[in-house]
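Let me begin by presenting the structure, written as structure tokens, before commenting on it.
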Amino acid sequence: MVVAVTVMRKANVVVRDLSALEALGGVTNICSDKTGTLTEGAMIVRQAWIPSSHVYTVHDSQNPSDPTKGRVVYTQSKDETPQEPVEEKTRDFDKERSAAVLKFDVPDEKLNISSSKQPQSPEPETKMTDELRAFLLSSALCNLATVRFDQEEEKWQTTGEPTEIALQVFAHRFNHGKKTLEGEGWRQVAEFPFDSSIKRMSVIYNAPEAQGSFIAGSDNSIVFTKGAVERILDMCAFAGIGESQQPMTDELKESVLGQMNALASQGQRVLAVAYRPWEGRFTSKQSSSSSAEEDDKLRSTVEQNLVLLGLAGIYDPPRRETKPSIAECSQAGIKVHMLTGDHPETAKAIAKEVGIIPRNLNILPESVAASVVVKATEFDKMTDAEIDALEELPLVIARCAPDTKTRMIEALRRRGAFMAMTGDGVNDAPSLSRADVGIAMGSGSDVAKSAAKIVLTDDKFNSIVAAIREGRRMFDNIQKFVLHLLTSNVGEVILLVAGLGFVDDMGFSVFPVSPLQIIWINMATSSFPAFGLGREAAAQEVMRKLPQDKKRGVFTNQIIVDMIVYGILMGACTLCTFCIIIYGANGGNLGYDCNTKFSDACIPVFRARAATFALLTWLILISAWEFKSLRRSMFRLNPNDDSFFPFFRDIYSNRFLFWSVIVGSLSVFPVVYIPFLNTRFFKHTGISWEWALSVGFTLVFVTGIELWKLAKRRFRLLEDGAVQRGHWGQGGPEDDGPRFKRTFSMSSFKTWVSFSRRETGDSVMMRATTQPRVAHVPVQV
Ligand SMILES: Nc1ncnc2c1ncn2[C@@H]1O[C@H](COP(=O)(O)OP(=O)(O)OP(=O)(O)O)[C@@H](O)[C@H]1O
Ligand SMILES: [K+]
């Protein structure tokens with residue numbers, strides 16, 4: 001366990017409760033946040049849309065905190081509906097988007113070379129307009145993030161939330177950062193902070209003399225608001241400023257929402273930016289109200305009759321490691337759900353990118369496809385019975401509130417799932433403590449951290465998967481440890497109970513092994529190999545089998561049957577050795593009072609004991625090597641290793657186990673031969689030809705175990721459940737299109753051919769509605 005915790009520290013996982021790590025091994029469902037966990041958490045404003053005016057697009061920016069990198073171009077829209085230019089952009093952007101993931105870590109020099117080679121875009125460079133200025137004012141001022149150039153370190157430093165940093169950096173591109181503006185005389189008079197349940201934030205500013213007049217009268221304060229589009233839009237009465245200002249009609253609303261969908265379906269988080277001139281000066285008396293209720297009332301009077309200034313599309317690329325980790329989960333029989341505060345379209349686009357849902361939802365059966373992506377409001381409206389009636393729980397829940405997370409946990413629990421839940425916010429604490437395993441982000445709030453059992457210092461999703469692998473390894477090793485312990489106990493009990501039948505002339509039962517021998521074996525020799533088993537590395541297939549059954553725990557059928565089979569084998573081997581020496585070689589001479597004293601009459605019994613003791617010790621030690629794998633041969637632990645005899649390398653890979661077995665085996669000799677000690681305490685004596693029996697039966701034992709393992713493999717006895725990947729495997733390459741373009745080989749070509757054949761025409765529909773495709777992943781073959 002301690003070993004495991006140190007390993008996990010290195011993997012950026014802090015385990016606050018040891019049992020949590022083991023529990024993680026049994027997780028069947030992971031509910032993950034999006035921002036920062038599945039994605040980089042480094043956001044860039046990619047597009048800004050200003051009503052009936054312009055679309056600004058940021059190109060070639062790889063560093064999310066550096067406003068000097070990249071260039072901004074805009075597209076003038078002549079039409080009233082700005083749909084068209086953006087659609088043009090979409091193609092261009094798509095290219096960029098997939099590239100963005102790859103580009104993020106590339107050193108700047110390299111990027112500059114490649115970007116300078118690109119033909120210059122014919123699009124006009126940006127010029128400042130009042131509309132843009134108003135948009136920037138609101139983005140920069142309704143914002144708690146800071147962006148500054150650190151002269152000493154020669155790089156851009158940012159603080160604050162990624163969403164806000166993105167907007168602040170965007171404003172900096174036009175020299176409209178908050179610092180600059182406040183330097184010009186903008187003064188904040190009130191703030192209504194962001195809250196993830198209302199998903200918006202507002203501030204009130206007083207403009208410097210004459211500066212604010214282009215959007216408000218010079219004596220007025222100005223309210224700046226930003227937040228989730230649907231919410232802000234409902235509070236807007238107008239869109240645009242100056243001559244192009246329009247009242248907010250249903251039609252206009254539709255068009256803005258359409259615009260938002262266009263941005264969101266590219267995976268961008270879309271924020272609406274708005275403002276409102278306040279009648280006269282907003283005084284601090286109004287803002288320093290006493291009760292929370294009055295605060296709310298004030299807030300709702302402030303946040304109404306707004307003027308929409310534009311939309312900002314903010315992109316947060318998925319982490320490169322996310323998709324493979326999700327695929328790993330899927331192979332391990334673990335489902336990944338995404339619970340995000342973002343808009344459904346954004347959530348859907350990102351979920352597709354990381355492989356939580358298939359790119360083509362049609363490959364799912366209709367009944368499932370309908371509920372893969374749901375909005376939290378829909379989910380919250382459903383009754384428990386309705387949720388339980390769903391064929392599958394949603395994989396993506398958008399616009400998620402903290403309560404939704406708790407409901408999801410309960411729904412999962414009713415289905416017998418064992419779930420891990422991530423969270424970072426203060427109001428995630430209830431769901432974190434209610435989940436079977438709560439995982440907090442290192443960057444998250446302290447409340448979340450103290451409610452969670454596990455903290456990810458690096459926030460990354462793949463660290464969760466690493467922790468699960470570690471949990472499963474621990475579980476496997478505990479199983480091996482237990483099997484080792486119980487097998488030796490069963491063997492000893494069989495030997496001792498059968499030994500009651502060896503009755504000497506006085507009518508006493510002669511012990512086939514003396515009490516001190518047993519104690520010596522249990523304490524001195526067999527405990528070290530047992531610890532050694534606890535340090536075994538993870539088997540290759542730890543992440544290819546179903547999570548352990550929480551109700552069964554360590555005692556699976558396989559462990560119980562193995563324990564009985566190996567225990568009987570051990571008991572039989574040791575009994576045979578004793579019997580051969582007493583009855584075969586010495587005519588059944590059990591001597592006289594041989595349990596207590598050494599005499600010439602007891603020599604046969606003492607010699608038989610020595611041989612039995614040596615054998616028992618060796619069997620227990622060698623079984624530790626055998627239990628490195630429950631199903632694979634000790635002589636071929638790694639099926640992919642094609643060296644002729646990998647035995648010594650495999651055995652030596654766990655040094656501690658190796659040496660404890662070797663030293664333990666050799667310790668038999670002094671124990672048997674040291675005079676006085678042997679006859680007086682261990683009640684055995686030096687032997688000669690009997691060694692052959694000990695060695696021979698050790699070989700019999702190993703052969704027996706190998707045969708049993710072979711039978712288990714051949715007849716698939718006592719297998720762990722195979723992972724059924726259902727309709728579709730998460731994170732899989734299935735819907736990535738033809739894969740052979742990237743790595744062309746004969747076999748990949750064959751799979752592609754069979755894949756495209758399956759995928760043509762109505763066979764898709766057939767598969768979707770009739771036969772779920774099931775991929776069997778064999779376990780421990
Ligand atoms: N600083 C902010 N100011 C105003 N609105 C914001 C701000 N940050 C986020 N939003 C809006 O609130 C929505 C949800 O944000 P929230 O922070 O609750 O999501 P999240 O929990 O960070 O997302 P995820 O679950 O993906 O990590 C965003 O989609 C956005 O529309
Ligand atoms: K979050």
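Throughout, read-outs are computed from the coordinates displayed, never taken from laboratory work. Nothing here was measured: the structure is a model prediction, and the numbers come from that model. All Cβ positions, even for glycine, are placed from backbone atoms using ideal geometry, and neighbour counts span all protein chains on display.
So the values come out like this:
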| read-out | value |
| --- | --- |
| For region 157-165, Karplus couplings with θ = phi - 60° (6.51, -1.76, 1.60), whole Hz, Gly/Pro x | 10, 10, 9, x, 6, x, 4, 6, 4 |
| Equivalent ellipsoid semi-axes, region 311-379, via Cα gyration tensor eigenvalues times 5, rooted, Å | 20, 18, 11 |
| Radius of gyration and Dmax over the Cα atoms of region 324-470, both given in Å | 14.8, 42 |
| Against the rule of thumb 2.2 N^0.38 Å, how large the Cα Rg of region 617-738 comes out | 1.58 |
| Cα gyration tensor shape for region 344-402, rounded if a/c is under 1.5, else prolate or oblate | oblate |
| Principal axis box of region 408-530, alpha-carbon based, largest edge first, Å | 79, 31, 22 |
| Selected from Val465, Gly501, Ala524, residue furthest toward positive end of dipole (region 425-578; charges at beta carbon) | Val465 |
| Overall form of region 584-671 per C-alpha gyration tensor (a/c, 1.5; a/b vs b/c) | prolate |
| Shape call, region 386-478: gyration tensor on alpha carbons, a/c limit 1.5 | oblate |
| Convex hull volume per residue for region 590-630, taking Cα atoms only, in Å³ | 67 Å³ |
